[in-house]
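First comes the structure, then the notes that go with it.
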2 protein chains.
Amino acid sequence: MINAIGREIPDTITGFNQVRPYAGPFALMPEGRATGPKLSVNKPRSEKLVASIEQAIEAAGLKDGMTISFHHHFRNGDYILNMVVEAIARKGIKGLTLAPSSLNDVNDAIIPYIEQGVITAIETSGARGKLGKLITAGKLAKPAIIRSHGGRARAIECGELHIDVAFIGAPCCDTHGNINGIEGKSACGSLGYAMVDAAYADKVVAITDNLVTAPLYPISIPQTQVDYIVVVDSIGDPKGIASGALRISRDPRELLIAEYAATVIEYSGYFKDGYSLQLGSGGASLAAAKFIKEKMVAQGITGSFGVGGITAPFVEMLEQGLFKAMYDVQDFDIVSIQSLRKNPNHLEMSASFYANPHNRGPIVNNLDVVILSATEVDVDFNVNVITDSNGVIMGASGGHSDTAAGAALAIVVAPLLRGRLPMVRDKVHTVVTPGETVDVIVTERGVAVNPRRQDLVDRLKDAPVPVMNIEDLQKIAYDLAGKPDPIPVGDEVVAVVEYRDGSIIDVIRKPL
Amino acid sequence: MINAIGREIPDTITGFNQVRPYAGPFALMPEGRATGPKLSVNKPRSEKLVASIEQAIEAAGLKDGMTISFHHHFRNGDYILNMVVEAIARKGIKGLTLAPSSLNDVNDAIIPYIEQGVITAIETSGARGKLGKLITAGKLAKPAIIRSHGGRARAIECGELHIDVAFIGAPCCDTHGNINGIEGKSACGSLGYAMVDAAYADKVVAITDNLVTAPLYPISIPQTQVDYIVVVDSIGDPKGIASGALRISRDPRELLIAEYAATVIEYSGYFKDGYSLQLGSGGASLAAAKFIKEKMVAQGITGSFGVGGITAPFVEMLEQGLFKAMYDVQDFDIVSIQSLRKNPNHLEMSASFYANPHNRGPIVNNLDVVILSATEVDVDFNVNVITDSNGVIMGASGGHSDTAAGAALAIVVAPLLRGRLPMVRDKVHTVVTPGETVDVIVTERGVAVNPRRQDLVDRLKDAPVPVMNIEDLQKIAYDLAGKPDPIPVGDEVVAVVEYRDGSIIDVIRKPL
């Protein structure tokens, strides 16, 4: 079948009871109720501490064919996922579905366990490195499922993604099982993704390198959700978990894109007291923070709230009073972790609060402006952030489609050319975010406004940015670098890209 | 049938699919999964604000026969419940089940609507005044269900108490629907009971007299759970919501009971660094705080955490560093509300975190010591806190059975005589808390230790308190006041007392 953005979706896909084609950002009305974990009893003064990950796996009753989850707040410093999968392999358990909130290069270490059949399916926001290649090569028993952060929260809450055992990396955990991410040598800040897993998984195992005597506060994940606690030497590499202060880009092309993006915001009609903003963590996004801040200071504008993936430039704006509060689902650097620890207006939020389309209003619904990056875009404003120029999975859906759907103004920033490849195509290889939710595309050579947004076209007429049709932007790119050939693919579907509402916006086919 | 504490329970009771007799504090293993609200969609920039309670009732789709819930944090200052029931009556909706976390005298105002059939069933922790009399007189279409705070959270989470529409009194609510209880003229402090309703009700209506522009922080109930917001002039009477600083009792009998209770704790073996404590809000309980504090200071003991229903004497201990943190489900006075607002170690908790027996460990499971009051006790250590000497409902189950089951040492304090009535009986009229979870009964004339706790009998041998058998204590009372006659009742069951796990520990029959 063909979905609402013209993508061909197979009628049946292994692992899906029902293939629902994408039909528009708010077309799908959910049915039924939110689900919850199996009910259980914990007797007074029960001991949650077990001696090893192996013992926790046994106690949790992990069996062949079950689903295990992880959170990616430790990013490329994560030790937990590899450690647990290794322990599971040692126990001879097979055929598991791995459902982390995302995967990083560091997780390439589990590839032997995929080859051995310990892991046979993956549901994630993204994958990179060798894991991305492995998925793209069709090495799993069924297509991987790619979900946005909001889509994953939704899938967990409605039971489509049922987690048997969640393994939570806990930078600080008390003897009752209360957890936060802001204390300890492996502090990662917000535990926003893990909060959903902990609330819905049948069994929850906290793995910590920093067990403290209760009471721990603040509490991000409560003792009422934690079954077992395991203490290990180290849950992550601090250098990989959080970077030091990021230097703002000196790449003139990124700076130009950032300046254009800031100017688009300035002239968009949304740049006024009380506006809200989300910034990505990419170079141009971070650079845009600098220009936006200058404009806010110059014009005396105070925003309402920021949302993210939080980085130091955003924290700086919070501390300067340019925003009243930050909602934080994940921290990217040490400054942000420290800010979450000390600033009462820096608020931790769950992935559901952030972006779940099927609750009574995630914070993305209240966003005025978001700046997003892209691997490639097309003349229908569709955005790819998951596959590279060879059709290989090397990115993540993240909050891209969530924020684009929620924000009043979704700006996508991208270089017009990457190497010798035009980034504005006839059709992106993989659609993660549908064009109808993208308002403006900003490149170093020009700014294209989605024709659905005539109001924005009008407002940007006087802006000092080169506004043009998306087709003209594409022509510049093609004139410079030639029209690229489509990536040749076969019929085999190796991954399914779910839209945030659970419909299928695209599939990734195995490149030939 | 006869349950495990010898109470006769009818085989079938209107309103119960399955009558499960109480079989022991941890005998019942729950089946199935936690449930959740109906899934829904809230589009970006949707307006949650509606013009009136009537409009909210319409928008929420309230219909005949549904269940509505309220929280009792405004105590006898509550305007919300009466206001909403009145509005529902005006709309001609009938046959509702009223399921507040508890009822107070102020709610006597809804009696006309019960008589008119607007409300035909009640599920609550307690009732007083005319409402208590009305329930006891069998004026409802089916027996009322009395639940503990933990039992109510459990019933909501597993779906036994399904709430169609929850009405949340919101001392502060932002334009996105985020709520806290610590700001505004009607500040009530913790919203612990309401947190469960908001998380599980199909529709949630916030009613506030203090709407603020987002972002509001801290957040007690998140925007992701709130469907509609209504602004009214006033949600409660501050004088009824929170009292000023309570004076410690000068009643010599209460002081003696308090001193005995403190001494029992001192000699119990639990009185050491890192111990945890819950105090009731009754006179003897509050007075006990004073004696306990003195002993802690004198012996240099620092506790771990306090739990409650929080009152000023407890806050004082927190501020003096005698406890490291407080877990707070409800505030009784202004001092406690202010403490929750300003002290980072004063932690708001939900009723589920407090006491739900069917999660992975409520905080009552980690309690060392609790002091509880009683209307009457019996020689099997069973406790009644719900019916008076005429068999009329005039109290509340509250956290009584929850903390008794959870705490290592559950002390019940009560005067030996109330007026001319002995408070130690052969059988209490109504069992709320089973004797097997009660360790010590403290009266002004003597202290009785549950024979199941030989360890405590041994430890209290050297304590300067008059330890005696419960039968001897009863004899003193009977010698002074005579053996009381049992309250004559008929067959009609007017209320069912659920144990916290959902089994039935007793029924209340209509007095003759």
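The values are calculated or read from the model by the stated rules, or taken from the named source; none is laboratory data. All of these numbers come straight from a predicted model, not from anything done at the bench. Please note: Cβ atoms are built from the backbone with ideal geometry, for glycine as well, and neighbour counts cover all protein chains shown. Just so you know, the surface numbers come from the protein's heavy atoms only, side chains and all, with ligands and any DNA or RNA stripped out. Shrake-Rupley method; radii C 1.70, N 1.55, O 1.52, S 1.80 Å.
Which of the following residues is more than 12 Å from chain B (Cβ to nearest Cβ) and more than 23 Å from A:Asn365 (Cβ to Cβ): A:Gln278, A:Gln330, A:Gln320? The unique qualifying residue is A:Gln320. Among the residues of the range B:200-213, at least one is within 14 Å of chain A (Cβ to nearest Cβ), surrounded by fewer than 24 Cβ atoms within 10 Å (Cβ to Cβ) and among the aliphatic types (A, V, I, L, M).
Okay, residues lined up against (1) farther than 17 Å from B:Tyr22 by Cα; (2) open to solvent by less than 10 Å² (accessible area, probe 1.4 Å); (3) among the hydrophobic types (A, V, I, L, M, F, W, C); (4) in the same structural domain as B:Ala288 (by the TED database):
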position: B:Leu409; (1), (2), (3), (4): yes, yes, yes, yes
position: B:Gly419; (1), (2), (3), (4): yes, no, no, yes
position: B:Met423; (1), (2), (3), (4): yes, no, yes, yes
position: B:Asp426; (1), (2), (3), (4): yes, no, no, yes
position: B:Ile441; (1), (2), (3), (4): yes, yes, yes, yes
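Scanning the range A:359-398 for residues that are within 14 Å of another protein chain (Cβ to nearest Cβ), under 25 Å from A:Thr263 (Cα atoms) and touching a residue at least 60 places away in the same chain (Cβ under 8 Å) yields A:Val364, A:Asn366, A:Leu367, A:Asp368, A:Val369, A:Val370.
From A:Gly189, A:Gly169, grab the single residue that is open to solvent by less than 20 Å² (accessible area, probe 1.4 Å) and in a strand (DSSP E or B).
Values: A:Gly189 fails: in a strand (DSSP E or B).
One residue alone meets the criteria, A:Gly169.
Reported count of residues in the range B:36-50, each being open to solvent by 80 Å² or more (accessible area, probe 1.4 Å) and either more than 7 Å from every other protein chain (Cβ to nearest Cβ) or of a type in the set (S, T, N, Q) (or both), is 1. Condition first: surrounded by 14 or more Cβ atoms within 10 Å (Cβ to Cβ) and either on the phi > 0 side of the Ramachandran plot or in contact with a helix residue (DSSP H, G or I) (Cβ under 8 Å, 6 or more places away or on another chain) (or both). Now tell me which residues in the range A:2-17 satisfy that. Of everything in the range A:2-17, those that are surrounded by 14 or more Cβ atoms within 10 Å (Cβ to Cβ) and either on the phi > 0 side of the Ramachandran plot or in contact with a helix residue (DSSP H, G or I) (Cβ under 8 Å, 6 or more places away or on another chain) (or both) turn out to be A:Ile5, A:Gly15.
When A:Val264, A:Val232 are checked against the criterion of being in the same structural domain as A:Ala87 (by the TED database) and open to solvent by less than 40 Å² (accessible area, probe 1.4 Å), a single residue qualifies: A:Val232. When the residues of the range A:450-503 are filtered to those that are of a type outside the set (Gly, Ala, Ser) and in contact with a His (Cβ under 9 Å, 6 or more places away or on another chain), the one that is farthest from A:Glu376 (Cα to Cα) is A:Asp501. The residues in the range B:337-356 that are out of contact with any strand residue (DSSP E or B) (no Cβ under 6 Å at 6 or more places or on another chain), in a loop (DSSP other than H, G, I, E, B) and either open to solvent by 10 Å² or more (accessible area, probe 1.4 Å) or more than 9 Å from every other protein chain (Cβ to nearest Cβ) (or both) can be counted, and the count is 3.
Would you check if A:Met317 is part of a strand (DSSP E or B) and free of Cβ contacts under 8 Å to residues at least 40 places away in the same chain? So A:Met317 does not fit the description; no. Exactly one residue out of B:Gly303, B:Gly269, B:Gly244 is on the phi > 0 side of the Ramachandran plot and either in contact with a helix residue (DSSP H, G or I) (Cβ under 8 Å, 6 or more places away or on another chain) or within 14 Å of another protein chain (Cβ to nearest Cβ) (or both): that is B:Gly269.
Among the residues of the range B:68-99, none is identified as among the polar types (S, T, N, Q), open to solvent by 20 Å² or more (accessible area, probe 1.4 Å) and under 19 Å from B:Val226 (Cβ atoms).
For the range B:447-461, the set of residues classified as more than 18 Å from B:Leu256 (Cα to Cα) and either hydroxyl-bearing (Ser, Thr, Tyr) or part of a helix (DSSP H, G or I) (or both) consists of B:Gln454, B:Asp455, B:Leu456, B:Val457, B:Asp458, B:Arg459, B:Lys461, listed by residue number.
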